[in-house]
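The values are calculated or read from the model by the stated rules, or taken from the named source; none is laboratory data. Values in this document were obtained by computation on a predicted structure and should not be read as measured data. Every residue, glycine as well, gets a Cβ built from its backbone with ideal geometry; the counts of neighbours run over all protein chains shown.
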Amino acid sequence: MTAAATRSTAHSIVEASPRTKAFAGGLVILYAVITILPLLWIVATAFKSQSDAIAYPPKVIFEPTLEGYVNLFTVRTRQTPDFIAKLPPPETWYDKLVRKRDMVIAGPSKVVPRFVNSLIIGFGSTFLAVFLGTLAAYAFSRFRIPLADDLLFFILSTRMMPPVAVAIPIYLMYRQLNLTDTRLGMILLYTAVNVSLAVWLLKGFIDEIPREYEEAALVDGYTRLQALRKVVLPQAVTGIAATAIFCLIFSWNEYAFAVLLTSGEAQTMPPFIPFIIGEGGQDWPAVAAATTLFVVPIVMFTVLLRKHLLRGITFGAVRK
Amino acid sequence: MTTILQPDHATIPGVSEPVKSRAARRVHGLSDRAIAWLFVAPTIALLLAINIFPLIWMIRLSFTNLNLSMSYLPLRFVGLDNFRDILTDEDVWFRLQTTAQFVISSVALQVVVGFGLALLINRQFRGHSFWTTIILLPMMLSPAVVGNFWTLLLQPQIGPFNYLISLFTGVPPSSFSMTGQVSLAPWTIVLVDTWMWAPYVMLICLAGLRSIPDYIYEAAEVDRASAWRQFWSITLPMTVPFLMLAVLFRAIENFKMFDMVNLLTSGGPGSTTELVSISLKRAAFEKWRTGYSSALAIILFVTVFGAANIYVKTLNKVKQR
């Protein structure tokens, strides 16, 4: 017993001493705080007024306002004070906010359609990629496919290609097919990029499901497809969900294809956000507001995915 | 009656087989081999349509003089002229050099920071899981959005970054511009890239560290190996395959870097941060020199393809662990 007691208090590598732990913890927390500061600054900027956002020295304490969010969602025109005085009293709080700056709301901005595009393209491509990926991953996991390794490498290598280089022929092809600046075009393109990740990740997840379950089902008279649907898929649900989130994050964040192949109709958020312009350049509170709204789902997904993150970023190779 | 109560049972042959649609019967008759092809084919077909067909088309274009802004010109096959132009163009070599510098310095910095963080987190202090999640956030964000908001943070005068630097060093915050100065801009893209991707290296290294069984350290303790010696003889060599994985992937990703840098400096000032992808984008989508840029794209493809090959070999090696 004494031996065990000395071991736990003395230096064992397996369990670091409290002093080392506190030191390590302190450094990591310091790094984490430095990491998160830029993000907090953006969240705060979204609640600043235009002049507070570009004040010197940078303002840490300021009077919060929703102007940034209002500016994000509206298009405004500047009017003379006389004109505004003659208008009927403002109906809503945001009308009031805008009029304080001698402006009148002229209509909604394009942010909602862009957000909707991001959602449709994101979910559409995710659904397709996960559907195709599940089928292919199951086949790669369970059947002997000639040249399986080469096919898998081919599938992965398509994801590694530089997007700008891929965009050149896609641009020409989409022009011929009338797919430029369409949601369908973007969905197909993102599906192609995501399917490689989906196949690799899902193959890893399906490999982990013991074959015996299916074999028992096959003996019971299930067909392959029934066994897949009723035995394998329920077991793979977590893996499929994690894969779907990874695909969704990719489509949500993607910029290069979006900026080169869309200009209006099908434009998603990433190429849109930097071009939220106010009077005299970027409207920083509005940009920050858009960034905040855009990033919040990602933060939530990151927390949800925490356990599978490692798998996702290594195409399923590292599993712990 | 049993069939009504337990419809699932109906699928078992012999137990009152219900009438099946023709489609279902056909599927039933499929051999495993047919299913395998049926399942793999759509994915391969999609990749052929979206990746391979355009790629082949691009190879053809790379031998032409196609310029989309002057499409009235007759399409002419120019043989290997585009490739010759690229490989003898000093500007292209300069871009490749810029890219190589960016890749090497950013990946090196990420390895140092990421591996260091992994060693610290591996001490399993209280709350390490929460803080790890916080550290991981940047790498999940959209690189374009990151590049965009860092331009605000890095603005001279109004940006908090310069202000913080001036608080610590006394250098006036408006006297330097992280994105606008030739001497600083190449380091700025390295800095922001590291902010974003050091966590990636950290996460993979952490997996490497955790894959080392405790008994090896216990044996080293018995042999009275110093902590330093343990690090060099156990920790480092056993984490190297994981580190390789991270390094290769980051190197490939940064070699084709476009989004973050395009928004942060858009290649400037001048062309100090004009990475190969940005230069390619200019040639293809601003100057519309499609033939020329196709040739450049193919050179990039070949490079990445080679690197990807090594990467997958490393992946498989790590997988066996």
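The table for this structure:
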{"read-out": "Scope segment A:280-317; condition under 14 Å from A:THR243 (Cβ atoms) and modelled with pLDDT under 90; matching residues", "value": "A:LEU304, A:LEU305, A:LYS307, A:HIS308, A:LEU309, A:LEU310, A:ARG311, A:GLY312, A:ILE313, A:THR314, A:PHE315, A:GLY316"}
{"read-out": "Those residues of segment A:118-143 which are without any contact (Cβ under 8 Å) to a residue 40 or more places away in the chain, more than 8 Å from chain B (Cβ to nearest Cβ) and more than 25 Å from the chain's Cα centre (by Cα), in sequence order", "value": "none"}
{"read-out": "Members of segment A:215-256 found to be surrounded by 21 or more Cβ atoms within 10 Å (Cβ to Cβ), farther than 21 Å from A:PHE123 by Cα and of a type in the set (D, E, K, R), listed by number", "value": "A:ARG224"}
{"read-out": "Filter result (buried (at least 24 other Cβ atoms within 10 Å of the Cβ) and at the interface with chain B (Cβ under 9 Å from one of its Cβ atoms)) within segment A:170-191", "value": "A:ILE170, A:LEU189, A:THR191"}
{"read-out": "Residue in segment A:192-200 that is within 21 Å of B:SER294 (Cα to Cα) and either more than 9 Å from chain B (Cβ to nearest Cβ) or modelled with pLDDT of 90 or more (or both) present", "value": "yes"}
{"read-out": "Tabulated pairs, segment A:205-226, first more than 17 Å from B:ARG33 (Cα to Cα), second aliphatic (A, V, I, L, M) and assigned to a helix (DSSP H, G or I), C-beta under 7 angstrom, 6+ apart or interchain", "value": "A:ILE206/A:ALA137; A:ILE206/A:VAL232; A:ILE209/A:VAL232; A:TYR213/A:VAL231; A:ALA217/A:ALA227; A:ALA217/A:VAL231"}
{"read-out": "Residue ranges of helices (runs of 4 or more DSSP H) in segment A:56-118 with at least 1 members exposed (fewer than 15 other Cβ atoms within 10 Å of the Cβ)", "value": "A:81-86, A:93-99"}
{"read-out": "Failed item in (1) more than 10 Å from chain B (Cβ to nearest Cβ); (2) closer than 30 Å to B:LYS319 by Cα; (3) of a type in the set (S, T, N, Q), with A:GLN267 passing the rest", "value": "(2)"}
{"read-out": "Criterion (assigned to a helix (DSSP H, G or I) and more than 20 Å from A:PHE257 (Cα to Cα)) met by exactly one of B:LEU296, B:LEU315", "value": "B:LEU315"}
{"read-out": "Qualifying residue in segment A:143-156 (condition: buried (at least 23 other Cβ atoms within 10 Å of the Cβ) and in a helix (DSSP H, G or I))", "value": "yes"}
{"read-out": "Qualifying residue in segment A:250-261 (condition: in the same structural domain as A:PHE131 (by TED's automatic domain parsing), farther than 27 Å from A:ALA136 by Cβ, touching a residue at least 40 places away in the same chain (Cβ under 8 Å) and of a type outside the set (Lys, Arg))", "value": "yes"}
{"read-out": "Failed item in (1) at pLDDT below 95; (2) touching a helix residue (DSSP H, G or I) at 6+ places or on another chain (Cβ under 6 Å), with A:LEU128 passing the rest", "value": "(1)"}
{"read-out": "One residue from A:ILE209, A:ILE245 being within 25 Å of A:ARG306 (Cα to Cα), touching a helix residue (DSSP H, G or I) at 6+ places or on another chain (Cβ under 6 Å), at pLDDT 90 or above and outside any helix (DSSP H, G or I)", "value": "A:ILE209"}
{"read-out": "Subset tally (residues that are assigned to a helix (DSSP H, G or I) and among the hydroxyl-bearing types (Ser, Thr, Tyr)) for segment B:152-188", "value": "4"}
{"read-out": "Matching residues, segment A:107-128, being over 11 Å from A:CYS247 (Cα atoms) and among the hydroxyl-bearing types (Ser, Thr, Tyr)", "value": "A:SER109, A:SER118"}
{"read-out": "Matching residues, segment B:286-318, being more than 30 Å from B:PRO74 (Cα to Cα) and at the interface with chain A (Cβ under 7 Å from one of its Cβ atoms)", "value": "B:VAL304, B:PHE305, B:ALA308, B:VAL312, B:LEU315, B:VAL318"}
{"read-out": "Selection count where residues are part of a helix (DSSP H, G or I), more than 31 Å from the chain's Cα centre (by Cα) and of a type in the set (A, V, I, L, M), scope segment B:40-87", "value": "1"}
{"read-out": "All positions within segment A:277-293 that are hydrophobic (A, V, I, L, M, F, W, C), surrounded by fewer than 23 Cβ atoms within 10 Å (Cβ to Cβ) and in contact with a Leu (Cβ under 9 Å, 6 or more places away or on another chain)", "value": "A:LEU293"}
{"read-out": "From the options A:VAL33, A:VAL43, residue that is more than 10 Å from chain B (Cβ to nearest Cβ), under 23 Å from the mean Cα position of the chain (by Cα) and in a helix (DSSP H, G or I)", "value": "A:VAL43"}
{"read-out": "Conditions (1) of a type in the set (Gly, Ala, Ser); (2) out of contact with any Leu (no Cβ under 8 Å at 6 or more places or on another chain); (3) at pLDDT below 90: number failed by B:SER142", "value": "(3)"}
{"read-out": "Meets criteria (modelled with pLDDT under 90 and either out of contact with any strand residue (DSSP E or B) (no Cβ under 9 Å at 6 or more places or on another chain) or under 15 Å from B:LEU300 (Cα atoms) (or both)) for B:PRO18", "value": "yes"}
